[in-house]
1. Relative contact order, percent, of the chain when contacts are C-alpha pairs under 8 Å separated by at least 6 residues?
2. To make sure I understand, if each residue's beta carbon is the centre and we count other beta carbons within 10 Å, what order do Leu51, Leu37, Leu14, Leu23 fall in, fewest to most?
3. Once both labels are modelled 7 Å past Cα along the beta-carbon direction, what's the Arg41-Asp93 spacing in nm?
4. Convex hull volume of the Cα atoms in the chain, per residue, in Å³?
5. Please build a GNM for the chain, connecting alpha carbons under 10 Å apart, and tell me which residue among Gly34, Gly56, Gly81 fluctuates the most.
6. Using only the alpha-carbon atoms, how far is helix 35-44 inclined from the longest principal axis of the chain? Give it as 0 to 90 degrees, nearest 10.
7. Fewest first, what order do Val74, Val12 take by the number of other Cβ atoms within 10 Å?
8. Okay, helix-only estimate at 222 nm for the chain: each DSSP H run of n ≥ 4 adds -39500 (n - 2.57), divide by all residues, round to 500 deg cm²/dmol; what do you get?
Amino acid sequence: MLPRMKIIDLSVPLEHAAVSEPLPPAIRYITHEGEGLAQMRQFFGVRPEDLVYSNGQGWAIEEITAITHTGTHVDAPYHYGATSGGEPAKRIDVVPM
């Protein structure tokens, strides 16, 4: 399609307590055998022996706490002030891609 176009990835990975972030994100890992199993038991009422395909283990998920300014991002005009050009500044959910 565009054979001479070169794409350069400038994205920054999300990392727990990243030193590059002024307000670093936190990632809490929920394990299969620990809290993941406890959550599945609580939410679905299953027992470990019911979880045949996972050999009695629950899910594993990551709980992420971060602000919208974390990592690779685009700042909406609202980030800089409540108004822009005499109008209400756009928030990130209405800025066109």
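1. Numbers: 112 pairs, mean separation 24.0, N = 97.
That works out to 25 percent.
2. Values: Leu51 18, Leu37 22, Leu14 15, Leu23 9.
Fewest-to-most Cβ neighbours within 10 Å comes out as Leu23, Leu14, Leu51, Leu37.
3. Modelled inter-label distance: 3.7 nm.
4. Values: hull volume 22.2 nm³, N = 97.
So the per-residue hull volume is 229 Å³.
5. Maximum fluctuation in the GNM of the chain, among the listed residues, is at Gly81.
6. 80 degrees
7. Details: Val74 9, Val12 13.
Least crowded to most crowded, the residues run Val74, Val12.
8. Details: 1 runs with 10 residues, N = 97.
It lands at -3000 deg cm²/dmol.
A short reminder: the numbers here are calculations on the coordinates, not readings from a lab. The structure presented is a predicted model; accordingly, all values stated were derived computationally and were not measured. With ideal geometry, Cβ positions are generated from the backbone for all residues, glycine too; neighbour counts draw on all protein chains shown.
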